[in-house]
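Asker: Before I ask anything, let me first share the structure, which is written out below as structure tokens.
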Amino acid sequence: MSGNDRYLLDTNALIYLLEHGLVLPKSMLFYSSISKIELLAYPNLDKADEGNIRSVLALMQEIRLSDDVVER
């Protein structure tokens, strides 16, 4: 990877990353607002797991949904 690579991680990729404690590549990483909602809505999520999710997401850029997309 050149360091200029960009990746949009879906919810499954984020779950895998969180479960296996993988090191993030030196790339631009993105996630969607939907993935954030899905991760934080997991049943029986404890405070430690929520904190871990938020810490990992803080290292990436969120792609937010526009109002046009939300209204569809």
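The values are calculated or read from the model by the stated rules, or taken from the named source; none is laboratory data. Remember, predicted model here, so these are calculated numbers, not experimental data. Backbone-built Cβ (ideal geometry, glycine too); neighbour counts: all protein chains shown.
Asker: Please find, within the range 52-68, the residue that is nearest to S27 (Cα to Cα) out of those that are free of Cβ contacts under 8 Å to residues at least 40 places away in the same chain and assigned to a strand (DSSP E or B).
Answerer: Here the residue is Q61.
Asker: How many residues does the range 1-38 contain that are under 20 Å from V69 (Cα atoms) and of a type outside the set (S, T, Y)?
Answerer: Total satisfying the criteria: 8.
Asker: Out of curiosity, is L9 touching a Leu at 6+ places or on another chain (Cβ under 9 Å) and among the hydrophobic types (A, V, I, L, M, F, W, C)?
Answerer: The answer is yes for L9.
Asker: Taking the options S27, S55, S33, S66, name whichever one is out of contact with any helix residue (DSSP H, G or I) (no Cβ under 7 Å at 6 or more places or on another chain), surrounded by fewer than 10 Cβ atoms within 10 Å (Cβ to Cβ) and of a type in the set (G, A, S).
Answerer: S66
Asker: Continuing with this model, one more query. Kindly provide the set of residues from the range 7-51 that are part of a helix (DSSP H, G or I), aromatic (F, W, Y) and touching an Asp or Glu at 6+ places or on another chain (Cβ under 8 Å), ordered by number.
Answerer: none
Asker: Then there's this: Looking at the range 28-42 only, could you name the residues that are within 18 Å of N12 (Cβ to Cβ) and either hydrophobic (A, V, I, L, M, F, W, C) or modelled with pLDDT under 90 (or both)?
Answerer: Of everything in the range 28-42, those that are within 18 Å of N12 (Cβ to Cβ) and either hydrophobic (A, V, I, L, M, F, W, C) or modelled with pLDDT under 90 (or both) turn out to be L29, F30, I34, I37, L39, L40, A41, Y42.
Asker: Condition check: exposed (fewer than 12 other Cβ atoms within 10 Å of the Cβ) and of a type in the set (A, V, I, L, M). Does L45 satisfy that?
Answerer: In short, no.
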